[in-house]
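Participant: Here it is, the structure in full.
No value in this document is a laboratory result; all are computed from the given coordinates. What you see is a predicted model; the values in this text were computed from it and never measured. Note: ideal-geometry Cβ built from the backbone for every residue, glycine included; neighbour counts use all protein chains shown.
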Amino acid sequence: RTEWEKKSSSRPKSTKDICTMAKIWRKFKNVFSDEEEEDSWVDQFGEHCPKLSLKTRIICWGVCFGIGTFLSFLGGIFVLKITTQPEIFAALYTSGNLVAMAGTCFLWGPCAQCKKMWDSERWLATTIYLVSMAITLVCAFVVPPPWNVLAVIGALIFQFCALVWYSASFIPCGRKILKKIVAGIFSCCTGS
């Protein structure tokens, strides 16, 4: 990366600014090179996104977060029926997490959210979180009935841990703090 890209990426920008800056930079580079470069899917997607005010973004995020929390809560109600209907529990809990995560697209915009999710610091956490959701649904719908209850419980614990790790990746020093907390709990439990 060039020095200009490093400086410009450290400042928070709106989705419009990020997509516009990327286009300007590409056009500037094309003036001095012979190669023609097409717009990336992020730039193309950003052109078609509606421009929302900060108030509207916060309201939309709040609605998505509320719906996601409600779906997860409904899943919690079905935890009592996990032995007979683990599919409903797993589907509600996982869809609640997906809706809540999709709500963050309103805060930063879909272009910036995708860039943040797949950047070099958190692509692994994002991948593990999304895979954990898929594993939860596979355990609920594919694993045969006597074992699917245990598989769903294990997958949900894995999904929750992946959610915590993924969320900590967005908090400055969040992963370091989380590691210290887990190490402290582990040392208290083992007595060392």
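Participant: Once you put a point 7 Å from the Cα of VAL143 and another 7 Å from the Cα of CYS173, both along the Cβ direction, what distance in nm separates them?
Facilitator: About 3.9 nm separates the two model spin labels.
Participant: Sort 78-87, 97-106 by packing, meaning the average of other beta carbons within 10 Å per residue, with the highest value first. Before the final figure, lay out each step's value.
Facilitator: Details: 78-87: 15.0, 97-106: 19.4.
Sorting 78-87, 97-106 by mean packing, highest first, produces 97-106, 78-87.
Participant: Of the listed peptides 146-152, 158-164, 171-177, what is their order by residue-averaged count of other C-beta atoms within 10 Å, with the highest listed first?
Facilitator: 158-164, 146-152, 171-177
Participant: Could I ask something else about it? Note down, for the range 110-192, the three equivalent ellipsoid semi-axes (square root of 5 times each alpha carbon gyration tensor eigenvalue), biggest first, whole angstrom.
Facilitator: 26, 23, 7
Participant: Can I ask one more? Could you check the simple spin-label distance between LEU52 and ILE77, using points 7 Å along Cα→Cβ, in nm with one decimal?
Facilitator: My value for the distance between the label points is 2.7 nm.
Participant: Within a Cβ distance under 13 Å of SER167, other residues only, what is the Lys/Arg minus Asp/Glu net charge?
Facilitator: Overall, the nearby charge balance is +3.
Participant: Order 90-96, 54-60 from most to least packed using the mean count of other Cβ atoms within 10 Å.
Facilitator: Ranking, from highest mean packing down: 90-96, 54-60.
Participant: Between ILE157 and THR84, with labels modelled 7 Å along Cα→Cβ, what's the label distance in nm to one decimal, could you check?
Facilitator: The answer from the label model is 2.6 nm.
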